[in-house]
Amino acid sequence: MNLNVFGSLLGKLSFRYLPHDPITVSGAIMMVLVPIALVVFLTVTKRWKWLYKEWLTTLDPKRIGVMYIVVAVAMGLRGLSDVILVRTQQAISVGNSHGILSASHFQQIVSAHGTIMIFFVAMGLMFGMINMIVPLQIGARDVAFPFLNATSFWLFFAGMVLINISLVIGDFSATGWLAYPPLSELKYSPTVGVDYWIWSLEIAGAGSLLSGINFLVTILKKRVKGMSLMKMPMFCWGVLGSMSLVAFAFPILTITLILLSLDRTLGTHFFTAGGGGNMMMYVNLIWAWGHPEVYILILPAFGVFSEIVSTYARKKLFGYTSMVWAIWSIVVLSFIVWLHHFFTMGAGSDVNGFFGIMTMIIAVPTGVKLFNWLFTLYKGKLNFKTPLYWFIGFAIIFTIGGMAGVLMAVPPIDFQLHNSLFLIAHFHMMIVSGVLFGDFAAIVYWLPKFTGFKLNERLGRYSFWLWLVGFLMAFLPLYVLGFMGATRRLDHYSASLGWQPLFIVAAIGVVFIIGGVVMMFVQLGYSIWTRKKHLAGSDPWDGRTLEWSLPTPIPFYNFARLPHVTSKDPFWYLKHRGGHKIAQGEYEPIEIPKNTPLAMVIAAGAFIFGFSIVWHIWWLAPIGLLTSIVTIIVRSMDEHPNFVLSASEVKQLDEKYGSAA
Amino acid sequence: MSDLVPSAQVDVKEVNRLIERNDEDNTTIFGFWVYLMTDCVLFGSLFAVFTVLRNNTFGGPGGAVLFSLPYALIETLSLLTSSFTCGLAVLSAQRKSKKQTVFWFVVTFLLGATFLGLELTEFHKFIAGGNSWHRSGFLSSYFALVGTHGLHITIGLIWIAVMTGFILKRGINGLTMKRIRMLSLFWHFLDVVWIFIFTIVYLFGALHA
């Protein structure tokens, strides 16, 4: 391979890589117009300074969490628009009609949908939620490493920008969301698409890895005195399990992507078809990360359901200890099931048998959790709010999807269903109901704690029903289609197969889901509009854990006086069992990290590095890397990264905000 | 705490502050350990890749032809010695001897740089002989594994340089001590990884024809 180091100042970059066909052009125009509109809006309303001081430079995890969620919601809309195109194409591209998308464009959209939904929506919502809730629940004033936390967010942001730039200049990977070689090798994917995919995930993945370390340490080391591990809220347990998985799994992703990138840019032979490469090694490596990733996403959502079920049932969580054991069984087992993603590799019946059995076993702890939630609801005094609707929707869909999963854990059956739409239906039922419904429930549950008003219940229920009906319509037909032999990533099929009616039903399902999404925005807008009528106070749901004992809005230092914890659900005991007061002891000085733009600069360096490698702009890559390294050194020289609030200032602020319970 | 004066003169708040500061340092060091473990997984993946590809020489030379054990031994010795001098630097820092600490860090830097130089020379020799990473899956995985370790060593050298400047400017206090501890953890960790590289790549490679 000819490196041509200083051949061209712009590497492979040139105007001919701008988009041409109408759908790509409109996508590109959107990607350009939205930022321009944002810039104009901020300039006209004179909010740049506000944005910079209050948000972009903040190290407060509550605010970083909000930024994660904003990015994730925006990306969710992009992922949804990808789906609309996919479903439309599959509903009409039959026989003589070839639909609205070219084959290669269709593959790009499918790949972008998967990548964006997992890395920038599900991960973004999860990290947003963790940032906002975990420190509050463990009685901490901050995370273990606040600057690292901001860096993680900005790396996530840089990865997001990189993946979206692929819409405007160049193209995106057309090799599915996990880019299996040899298809993803340079020989078969010569454009920059796969490079965009690699570097966007590499940068965002580095952010996730750092976040994983950060929250692992936060939960283990920053819990308030008295909160032993077994007194921790279940959400924190879910996060602890998930972050342990991040720490073990994400290094594998980092290295796998680097090796693929080396194959493509430096001509190595890790996964190539010739030259002594081994492409199945890629599939093994990527799933050694990929399967834990599923549980990384779902364990925090399980935690959310645990909090919600026990709060709205007004009962303590059933089987707390078994819940904890279930989480850790899942953590361990999730590392020894990865091969079920490719039983068809031909590893032999012993290997397939082992992984098949392990896969079936992992359903057991998940079942334990489901039964625990149901037993918590049993004989509870149900406060039937929308989060419980989401929970019940989850419980039903997750069980259907889970049983489909156990079915596919049987290798001979998997040989029939591998890479068919049956699989697509299965994992969407797991991830959408498990992760997304969990996040939706979490938003309804925790939003009042931060904003002071509740979301409208009626509109929330409308949204739920639209989602539920739409979701079942969109995915139940896919099980049938899978049995009929329809494979995934299909951009065209013959009319004689008789698949079209089912694809049309699935497409109508998407219309309902769009309705559900629109209803969510209506709900949010209407609730803001009428917020005076739905004031929530500081404890709208008769909460159990520490975050509800704080005043709303939560002061930037979280706890003026550190909480005193002697049991699970301390706030519930205070209210209903005459327990002790939570905020005890004297006021003491609090150290708060100062705002800094340096985290943003580090991520900007990483972005420049990634972009220049995608386009082979070799002089720019070291500049990007150096920017990041020098910024890290500059930050390490800062002798006063914190400011101190004196005890009397804390007292004054506490009286102003209204003391905690 | 044994050198604390009798309780009548103890400022409780001050003691609490010290304990808290100590907790915070422990949190940072614990976090650094967790980071090292993630790095361990990263190297583990590379070792797995190397093990899978070690025989995929694709008609090119294998380890027995390429590797010279005496050369690898010199590399190993320079890195192991640097680990020892790094330990001496930490001991000097604990004695609050700024001069000695700086001295041992300079020695560590020089030994580390020697190691890196030897490694790059070896890389250059292979590439010049037509055995670069293009040649085969085996050589790709060799360069990736050993190169990643070399990249870590480079980062370590930058860190040692910055750290030495930092000590010269600020002296040895709580903050520098905490960072010296982390730096030495990092350096020893790279040493341990190298032991595995020496065994799995060079020893096994040279022994198996």
What whole-number value in cubic angstrom gives the convex hull volume per residue for the C-alpha atoms of the stretch A:583-661? 120 Å³
Efficiency of FRET from Cβ geometry, A:Ser496 and A:Phe556, R₀ 45 Å, rounded to 0.05: 0.10
Taking R0 as 51 Å, what's the FRET efficiency between B:Ile74 and A:Ile357 from their Cβ-Cβ distance, rounded to 0.05? 0.55
On a C-alpha basis, how far is the centre of the stretch A:12-34 from the centre of the stretch A:466-516 in Å? Whole number, if you could? 30 Å
Cross-link reach from A:Lys379 to lysines, straight Cα distance under 19 Å and at least 8 residues apart if same chain, gives A:Lys315, A:Lys316, A:Lys369
Have a look at the DSSP beta bridges in the protein assembly as shown and tell me what percent are antiparallel, nearest 5. 90 percent
If each residue of separation counts as 0.36 nm, what is the full-extension length gain between A:Arg488 and A:Asp21 once their alpha-carbon separation is subtracted? 165.7 nm
Tell me, A:Ile431, A:Ile298 in order of fewest to most beta-carbon neighbours within 10 Å? A:Ile431, A:Ile298
With a Förster distance of 30 angstrom and the Cβ-Cβ distance between A:Asp638 and B:Leu110, calculated FRET efficiency to the nearest 0.05 equals 0.55
Options A:Trp529, A:Gly578, A:Leu546, ranked by Cα towards positive dipole end of the stretch A:506-596, top entry (Cβ charges): A:Trp529
From other protein chains only, count the Cβ atoms within 10 Å of every residue's Cβ in B:136-143, then give the mean. 6
Suppose each label sits 7 Å from its Cα in the direction of the beta carbon; what would the A:Thr451-A:Ile84 distance come out to in nanometres? 2.3 nm
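With N denoting the number of residues in the protein assembly as shown, provide Rg(C-alpha) divided by 2.2 N^0.38 Å, to two decimal places. Spell out each step's value before the answer.
Numbers: Rg = 28.1 Å, N = 870, 2.2 N^0.38 = 28.8 Å.
Ratio of Cα Rg to 2.2 N^0.38 Å: 0.97.
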Under the Karplus curve 6.51 cos²θ - 1.76 cosθ + 1.60, θ = phi - 60°, whole-Hz ³J(HN,Hα) for the stretch B:72-88, x wherever Gly or Pro sits: 4, 5, 4, 4, 4, 5, 5, 6, 4, 4, 4, 5, 5, 5, 5, x, 4
Histogram of C-alpha separations across the stretch B:32-207, 5 Å bin width, %: 1, 8, 17, 19, 17, 13, 9, 7, 4, 3, 1, 0
Of the candidates B:Pro61, B:Ile127, B:Thr176, the farthest towards the positive dipole end of chain B (Lys/Arg Cβ +1, Asp/Glu Cβ -1, centred on the Cα centre) is B:Thr176
Do me a favour and compute the ellipsoid semi-axes for the stretch A:235-288 from its Cα gyration tensor, root of five times each eigenvalue, largest one first, whole Å. 31, 11, 5
Full extension from A:Trp328 to A:Lys49: what is 0.36 nm times the residue separation minus their Cα-Cα distance, to one decimal in nm? 95.9 nm
When chain B is treated as a GNM, springs tying every alpha-carbon pair under 10 Å, which of B:Trp187, B:Trp104, B:Trp33 comes out with the largest mean-square fluctuation? B:Trp33
Pairwise Cα inverse-distance average, inverted: Kirkwood Rh of the stretch A:506-612 (Å): 18.9 Å
One finds the C-alpha centres of the stretch B:132-209 and the stretch A:66-116 to be spaced, in Å, by 43 Å
Test item: Cα-centred dipole of the stretch B:32-207, Lys/Arg +1 and Asp/Glu -1 on Cβ, debye: 840 debye
Taking the Cα centre of each part, how many Å lie between the stretch A:154-231 and the stretch B:54-74? 35 Å
Within the under-9-Å Cβ sphere about A:Ser310, not counting A:Ser310, Lys/Arg +1 and Asp/Glu -1 give a net charge of +2
The stretch A:472-565, Kirkwood Rh and Cα Rg, ratio Rg/Rh at 1.31
Work out the length of the dipole vector of the protein assembly as shown about its Cα centre, built from +1 on the beta-carbon of each Lys and Arg and -1 on the beta-carbon of each Asp and Glu, and round it to the nearest 20 debye. 2120 debye
Count the net charge of all other residues whose Cβ sits under 11 Å from the Cβ of B:Trp194, scoring Lys and Arg as +1 and Asp and Glu as -1. -3
For A:Val650, what charge total do you get from the other residues with a beta carbon under 9 Å from its beta carbon, if Lys and Arg give +1 and Asp and Glu give -1? -1
Here the Kirkwood hydrodynamic radius of the stretch B:1-126, Cα-based and in Å, equals 19.3 Å
Max mean-square fluctuation residue, GNM over chain B, Cα-Cα springs under 10 Å, options B:Glu24, B:Glu75, B:Glu119: B:Glu24
Subtract the Cα-Cα distance of B:Lys169 and B:Asn55 from 0.36 nm times their separation in residues, and report this length gain in nm to one decimal. 35.9 nm
If you average the sequence gap of Cα pairs under 8 Å that are 6 or more apart and divide by the length of chain A, what percent do you get for the contact order? 17 percent
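Any read-out appearing in this document is the output of simple, stated calculations on the displayed coordinates, not a laboratory observation. All values reported here derive from a predicted model rather than from experimental measurement. Please note: Cβ atoms are built from the backbone with ideal geometry, for glycine as well, and neighbour counts cover all protein chains shown.
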